[in-house]
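What follows draws every value from the coordinates through simple rules; no lab data is involved. What you see is a predicted model, and the numbers here were worked out from it, not measured in a lab. Methodologically, a virtual Cβ is constructed for each residue, glycine included, from the backbone with ideal geometry; neighbour enumeration extends over all protein chains shown.
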Ligand code: UN1
């Protein structure tokens, strides 16, 4: 652990690391309570971090506002050039950062590295966008009139991220916020401050080398107090929040009540539907990855599997065999390249896993594989280990827990007869993030994509529910919060838009044929 920390210049002295940065002159500080970052695989305390108090957040927001006021007039391609340098610096440290993500979050090395890659990819996208963003020109009904949409920088963007993607989700937000001319203030999850501190240090080095204000990428580590300050403070123009539906509801109402804007990425309860004509080995691999990747702690994890009745028993036996080939032999230290399934992030996650399995059984679910907390040996004995679990559900109306998102490797499996029924099952939950359909039938695929199809924000045919690329918008419908981040038009949310009409005639022409003579 200490070699991973020192590779990224994180002190290992035992003194609390400062978790607030907003000003190169002030450096790293923080007057709030001390929080711990713990290795989920072993229970070892990695470091203590001094967090931001409400007063710290206020100071940071003032500094970020000042930084925004000069940044907004810098041409977007020049902003893109600074981001390109951050991209290069981050990419140089990708292996170390990936290890730190694995160490602190608990996801396996390939996924830890993968999410830093996702940050780098997003910066590539944003660097390109910095040379093309802008509004459309609209034809005017009046002669010698020119109508265009203008995208100006918005102000200060607050980004509250979750523990499960401690790097990439900030990357999506920061990259777009930065090139559109805003200052960004990041509050990472209380349990993953080290990834945030290491990433911010890299960004700060590039900002300093370019003589840019450090408050363009400020960091406020902390918990409820710092989060609440960002949510309620009018100085935050856009608040991007990733987390639970319960907290997201509270955040969105508080931000709306001050007429701020929020961008929400909340729960998912993603389904995979397998039709009889599907490439079944491919479907098996895709479902296994999406259900077990990040130990079932992605927003996009597959939580519900709907199998056509004609292939259900065959598919379930292959899936059970796949699970048994992974657990316990491929479960273990996330930093070991051979590991496929790491620990849950916290002790509380283990309790929620146990509770969900218990409830599923009480409601009539049958545990086919797993279902238990695992006692590991040696260093791993102090970690948060649970068995990858498959629950067979004969009656979806009885097993109500299936409609809740439990951040754990629990996969509920059920059979269906018709595609319409499977679509209805997909849509029967509050959340609407991602879904998968496995088929070779183009008609079935179009039915799922079309107007009477799946209500999910992300629809994948013959591909996993998780593991989206950054180029398309990422986000979900319904209680997932309707937010869209990363690709597509997501950048537009970070702008202050004006519709501008320019009259270059000497007449005052009125629209809609109105006269006022
Ligand atoms: C999340 O779980 O909050 O599609 C983000 C995926 C990743 C991002 C997940 N690219 O699984």
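Worth a mention:
- Footprinting exposure proxy for 314, 308, 345, 145 (fewest neighbouring C-beta atoms within 10 Å first): 314, 145, 308, 345
- The alpha carbon centroids of region 113-127 and region 453-488 are separated by 17 Å.
- Cα gyration tensor, the chain - rounded (a/c under 1.5), prolate or oblate: oblate
- Protection proxy ranking, peptides 122-128, 192-198, 458-464, average beta carbon neighbours within 10 Å, highest first: 192-198, 122-128, 458-464
- Between region 37-80 and region 158-219, the alpha-carbon center distance in angstrom: 6
- A straight chain from residue 469 to residue 506 at 0.36 nm per residue would run longer than the Cα-Cα distance by 8.3 nm.
- Helix-only CD estimate at 222 nm, as mean residue ellipticity for the chain, using -39500 (n - 2.57) per DSSP H run (n ≥ 4): -11500 deg cm²/dmol
- Share, in percent, of DSSP beta bridges within the chain that are antiparallel, nearest 5: 40
- Separation of the residue 282 and residue 66 label points, Cα + 7 Å toward Cβ, nm: 5.7
- Global geometry of region 132-182, whether rounded, prolate or oblate, following the gyration tensor of its Cα atoms and the 1.5 cut on a/c: prolate
- Segment residue 329..residue 55, full-extension length gain: 93.7 nm, with 0.36 nm per residue of separation and the alpha-carbon distance subtracted.
- Global form of region 33-143, assessed from the alpha-carbon gyration tensor, a/c cut-off 1.5: oblate
- This ranking places 317, 414 by how few other beta-carbon atoms lie within 10 Å of each, fewest first, which gives 317, 414.
- Label-to-label distance, nm, for residues given as residue 92 and residue 358 (7 Å Cα→Cβ offset): 5.2
- Stretched out straight at 0.36 nm per residue, the stretch from residue 497 to residue 377 would grow longer than its current Cα-Cα span by 37.5 nm.
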